[in-house]
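I have placed the structure first, in the form of structure tokens, so that the comments after it can refer back to it.
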Amino acid sequence: MSKSSIKGSNAYCPQPLYLYGTYKEDGLPNYGLFCWCAYCYVENEKFVACIGEDKLTRDRIRQTGIFSATIVTENLLQDADWCGTHSGYDFDKSGRIPSEKGAVLDVPIPDKSVWTLELKVDYTLIPNENYDSEIYVCSIENVLADDRLVDKQLTFEEKLERIKPVVTMCCKYVPVEFRSLGDWGKMNES
Ligand SMILES: Cc1cc2nc3c(=O)[nH]c(=O)nc-3n(C[C@H](O)[C@H](O)[C@H](O)COP(=O)(O)O)c2cc1C
């Protein structure tokens, strides 16, 4: 295969999309859209989130140490895109995504969410001197899952088809195909 060297880019690296939810000082919910995140294992499974530069979501996480992370599905996409392109400093986003309170933490959960992590910041990495970007390593205190995802009658493919998750590549929103290519560790079995 012929290959070219190009400058640092994650263009074709599929990235998950999450709505991070926090309560503002006035008690109303605020949501931003985020994709610079990952999971890691330190004693147990952790969620890792990077917030780059000034954002209301970052300010609220700094102040409260908690937030929610909801996977973006097609039914949330239009509002998620709006939340990702409108700053919480300038817009009141609270009416855009009807929400309820988390089951364990005081964080907002979109009514239409199918999988939301309730997150507590364990520790914060501060990578630059400006103190504007931060990386949060978080413990997953609870997951609020749509009952269809814990239904034992539905297959994996049927669940995907119902929830329709969205990922991002090349600044586009991309659907996830409703099929599995195989299970971990079983790709070489005949
Ligand atoms: C697809 C997409 C992904 C984004 N991912 C991130 C991210 O991972 N980290 C980040 O700091 N900002 C990210 N943003 C930008 C924030 O969502 C955006 O600045 C938003 O307005 C922040 O809202 P807030 O001020 O209410 O926190 C992303 C935006 C889009 C459209």
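Below are the figures for this structure:
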| item | result |
| --- | --- |
| Failed item in (1) in a strand (DSSP E or B); (2) away from the ligand (no atom under 16 Å from the Cβ); (3) buried (at least 16 other Cβ atoms within 10 Å of the Cβ); (4) hydrophobic (A, V, I, L, M, F, W, C), with Val143 passing the rest | (3) |
| Members of the range 1-28 found to be touching a Pro at 6+ places or on another chain (Cβ under 9 Å) and among the small types (Gly, Ala, Ser), listed by number | Gly21 |
| Pairs with Cβ under 6 Å, 6+ apart, first in the range 58-70 and farther than 16 Å from Trp36 by Cα, second assigned to a strand (DSSP E or B) and among the charged types (D, E, K, R) | Ile66/Lys120 |
| Conditions (1) farther than 30 Å from Glu161 by Cα; (2) at pLDDT 95 or above; number of the one not met by Glu53 | (2) |
| The range 157-176 residues that are on the phi > 0 side of the Ramachandran plot, paired with ones that are of a type outside the set (Val, Ile, Thr) (beta carbon under 6 Å, 6 or more apart) | Lys164/Glu74; Cys170/Ala11 |
| Tally, over the range 1-40, of residues that are of a type in the set (Lys, Arg) and either within 15 Å of the ligand (Cβ to nearest atom) or buried (at least 17 other Cβ atoms within 10 Å of the Cβ) (or both) | 1 |
| Where a residue in the range 81-94 is over 12 Å from Leu19 (Cα atoms) and its partner, wherever it lies, is at pLDDT below 95 and more than 6 Å from the ligand (Cβ to nearest atom), with Cβ under 6 Å and at least six apart | none |
| Any hit, the range 41-61, residues being within 13 Å of the ligand (Cβ to nearest atom), in a helix (DSSP H, G or I), surrounded by fewer than 16 Cβ atoms within 10 Å (Cβ to Cβ) and of a type in the set (S, T, N, Q) | no |
| Residue tally, condition hydroxyl-bearing (Ser, Thr, Tyr), closer than 22 Å to Lys159 by Cα and either within 11 Å of the ligand (Cβ to nearest atom) or assigned to a strand (DSSP E or B) (or both), over the range 69-124 | 3 |
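The values are calculated or read from the model by the stated rules, or taken from the named source; none is laboratory data. In this text the structure is predicted, and so the values were computed from the model without any measurement. As a convention, Cβ positions derive from the backbone with ideal geometry for all residues, glycine included, and neighbour counts pool all protein chains shown.
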